[in-house]
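Values in this text are rule-based calculations from the coordinates and carry no lab data. In this text the structure is predicted, and so the values were computed from the model without any measurement. Because the Cβ atoms are built from the backbone with ideal geometry, glycine has one as well, and the counts that use them run over all protein chains shown.
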Amino acid sequence: MKNALGAVDTVLLLGGRSEIGLEIVRLLVGLGASRVVLAVRGGFDPPELGGAEVHVVPFDALDVQGHGAVFAKAAELVGDLDVVISAFGVLGSQAGYDADPAAAAEAVAVNYGAHVSVGLHAARVLREQGHGTLVVLSSVAGARVRKANFVYGSAKAGLDGFAQGLGDALHGSGAKVLIVRPGFVIGRMTKGLTPAPMSSTPRQVAVATVGALREGRSSVWVPRALGPAFGLLRLLPRPLWRRLPR
Amino acid sequence: MTTFLTGWGRTAPTPAELARPRSVAELCELVAAAPGRGVVARGLGRSYGDAAQNAGGLVLDCTGLDTWTFDESSGLVTASGGVSLHDLMTALVPRGWFVPVSPGTRHVTVGGAIAADVHGKNHHRDSSFGAHVRSITLVTADGTVRTLRPGDPLFPATVGGMGLTGVIAEATFGCVPVETSLMRVDVQRTADLDETLATMAATDDRYRYTVAWIDLLARGRRMGRSVLTRGDHVTRAEEKESPAFAPGALLRAPAWAPGGLLNGVSVRAFNELWYRKAPRRKTVVQGIAPFFHPLDFVDGWNRMYGSRGFVQYQFVVPFGAEDTLRGIVGSLSAHGTVSFLTVLKRFGPGSGGLLSFPMPGWTLALDIPVGQRGLGGLLRGFDRRVAAAGGRVYLAKDARLRADMMAAMYPELERWRRIRDEADPAGLFRSDLARRLRL
């Protein structure tokens with residue numbers, strides 16, 4: 001249960017290798033969380049997480065039939081889920097997707113379709129509990145889709161819309177959705193790419209996410225200035241938008 | 001009806017189905033048909049934290065169970081679980097009787113008083129509420145009614161059991177005779193914590209009721225300066241008064257108050273004023289309500305903390321662990337923790353409840369607005385110091401303790417669990433507090 005000061009006890013991280021996801025978990029453990037379930041694909045040696053009890057559950061984003069079992073297993077291990085973080089995803093390159101449409105469709109299935117399945121399972125569990133927050137890692141890439149990464153961006157746009165709708169559907173149930181919209185994140189996923197303006201580190205994304213969780217917010221931009229920035233960028237005429245360098 | 005509920009501290013609301021039984025039969029039916037997320041009883045909602053909340057489950061508002069009888073020859077009251085101490089006092093004081101224990105508010109139910117095993121200013125003499133209970137009628141997990149007496153294993157599991165052994169449908173307890181409705185109160189100011197502790201230790205036994213208000217924001221040499229109030233019921237020989245009792249709320253807190261109203265500046269000013277207006281030493285005569293329940297004069301005073309609410313932190317450390325108490329008061333003072341009402345009290349023997357809070361020692365209670373920087377870490381550090389000293393935190397006030405502290409603070413926890421598991425094998429009686437602390 002989330003306590004009076006906003007600290008939680010149990011966390012389920014889907015995409016247990018995610019840098020951002022693990023940073024969020026570390027911060028939550030520092031603030032009092034004591035039991036963590038990492039849902040990951042394949043063999044995995046779990047990291048030490050501040051002395052918390054850590055469980056590993058097999059999870060394959062594309063095996064949507066198996067998602068229900070992941071939630072059942074997590075609940076069996078730690079009881080009520082206070083925070084569910086949906087942090088799995090693949091970036092890929094637009095050039096690669098252009099050359100291999102099947103790979104593009106599969107990436108969209110991971111970045112969007114699998115999140116829909118996970119989100120709906122999480123919603124059912126949290127609604128029954130009457131409490132808990134689903135953290136969805138969206139991206140500015142979905143705030144307005146760019147030609148430089150429109151496959152990834154369109155999946156994030158879909159995910160963002162899904163998460164907004166889910167949050168509204170859960171309103172009044174005690175369960176909540178927190179949408180996190182980072183800009184360019186300097187980390188393993190973006191290795192070799194040149195950072196964009198207003199980029200951040202996984203740690204910065206995690207700090208903003210945990211702050212938003214404690215305050216009970218429904219969305220957070222990282223850094224915050226990206227919110228108003230994209231408010232304006234969304235209004236930019238398309239001829240200008242498509243000429244932007246990246 | 002699904003309703004969002006909080007405790008008195010107005011933190012961490014969760015939704016539950018709320019039902020209000022009007023009879024014990026109806027209560028049994030509701031318990032027997034409780035959903036998978038379980039059920040817990042709720043009274044007047046004066047527990048500060050999440051003790052009477054049950055996210056996604058059923059909560060039984062027991063205030064509809066409000067009948068009681070009084071036997072003047074034995075001084076015994078038999079009351080339904082939802083009867084408030086306010087109602088009992090209003091009827092009994094004019095007849096020359098008083099409740100055996102009154103917490104800082106009289107707006108608590110008999111069921112809640114037993115489930116939290118509440119204490120008052122007379123704990124050093126009279127122990128807690130549970131010590132005065134002769135029998136409890138409990139609706140258990142199978143929907144049947146059991147009558148418990150002090151020898152029954154379920155009795156000490158229910159006294160202080162936070163409602164997790166069943167629903168208290170009725171209880172019989174002893175009252176105390178009073179000759180007037182007045183209190184003779186000795187007020188004394190102390191200069192620092194050492195003088196406060198020494199004065200209380202030396203003089204407590206002379207009075208039935210004692211408590212100290214501490215100015216937690218005073219630092220340095222004045223750290224722990226206090227105003228002691230110690231009282232006794234006035235006898236008819238001292239004052240010709242026929243007992244009467246009809247207090248109401250004088251003020252009503254606004255429905256909405258901005259957060260941050262009670263901040264470092266306003267609380268410091270209040271503390272300074274409160275300390276200075278207190279005489280160095282004086283004896284006054286007061287009514288029961290201003291002596292026992294000063295906060296009840298402001299209806300809904302908890303709203304003054306704004307929408308973020310507040311937490312109350314109350315702990316006890318055994319006699320001999322005064323250094324822990326001094327250390328925590330020092331940390332609070334150094335941290336500049338804003339606590340509007342900080343109260344120190346000496347406890348006497350406990351009541352035997354397995355999860356009861358009071359034990360012989362010093363108890364300190366603070367009210368802290370939520371949102372102060374570093375508060376979570378500060379209080380977790382206190383938890384460890386309190387547990388290491390053999391003390392504990394009060395569950396009826398708690399909204400933030402971690403489950404891993406419970407076993408050290410409550411050494412009878414495993415015994416309590418065994419008795420509870422036998423009476424409620426499926427864990428039907430559940431609350432947010434029970435989930436948070438993995439009881």
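Directionally averaged projected area (chain A, Cα convex hull): 13.0 nm². Distances between placed amide hydrogens fall under 5 Å for residue A:57 paired with A:38, A:39, A:40, all partners being 5 or more residues away or on another chain.
Taking A:99, A:155, A:141 as the candidate residues, the one with maximal mean-square fluctuation in a Gaussian network model of chain A, Cα springs under 10 Å, is A:99. Electrostatic tally near residue A:35: other residues with Cβ closer than 13 Å to its Cβ, Lys and Arg +1, Asp and Glu -1, net -2.
Got a sec to turn the phi values of the range A:61-76 into Karplus ³J(HN,Hα) couplings, 6.51 cos²θ - 1.76 cosθ + 1.60 with θ = phi - 60°, whole Hz, x for Gly and Pro? Once rounded to whole Hz, the list reads 4, 7, 8, 5, 5, x, 5, x, 5, 4, 5, 4, 5, 4, 5, 5. Rounded to whole Å, the principal axis extents of the Cα atoms in the protein assembly as shown read 101, 58, 43, largest first. For residue B:108, the amide hydrogen comes within under 5 Å of the amide hydrogens of B:85, B:86, counting only partners 5 or more places away or on other chains and with H modelled in the peptide plane. Each semi-axis of the equivalent ellipsoid for the range B:219-272 is √(5λ) with λ an eigenvalue of the Cα gyration tensor; in descending order they amount to 35, 24, 6 Å. Picking from B:400, B:206, B:346, which is most flexible by a Gaussian network model of chain B using Cα springs under 10 Å? Greatest mean-square fluctuation among the candidates belongs to B:206.
Can you list the trypsin sites (Lys or Arg not before Pro) in the range B:68-133 that are in a DSSP coil and have 14 or fewer other beta carbons within 10 angstrom?
Hits after loop and neighbour filter: nothing returned.
Peptide A:82-93 has a mean of 0 when you count, residue by residue, the C-beta atoms of other protein chains within 10 Å of its C-beta.
In straight-distance terms, cross-link reach from residue B:240 covers every one of the lysines whose alpha-carbon lies under 24 Å from its own, apart from those fewer than eight places away in the same chain; here that gives B:282. By the rule of a C-alpha distance below 18 Å, with chain neighbours fewer than 8 residues away ignored, the lysines paired with residue A:2 are A:176, B:397. Ignoring lysines fewer than eight residues from residue B:277 along the same chain, the ones with Cα atoms less than 28 angstrom from its Cα are B:121, B:345.
Protection proxy ranking, highest mean first, for peptides B:161-173, B:328-340: B:161-173, B:328-340, where packing is the per-residue count of other beta-carbon atoms within 10 Å, averaged. Distant-in-sequence amide contacts of residue A:12, defined by a placed amide H-H separation under 5 Å and a gap of 5 or more residues or a different chain, comprise A:37, A:83, A:84, A:85. Mean sequence separation of contacting Cα pairs (under 8 Å, at least six apart), scaled by the length of chain B, corresponds to a relative contact order of 19 percent. Helical runs (DSSP H, four residues minimum) scored at -39500 (n - 2.57) apiece and divided by the length of chain B put the mean residue ellipticity at 222 nm at -7000 deg cm²/dmol. Peptide A:3-14 is shielded by partner chain Cβ atoms: per residue, an average of 6 of them sit within 10 Å of its Cβ. Look at the alpha carbon pairs under 8 Å that are at least 6 residues apart: their mean separation over the length of the range A:10-242 gives a relative contact order of 18 percent.
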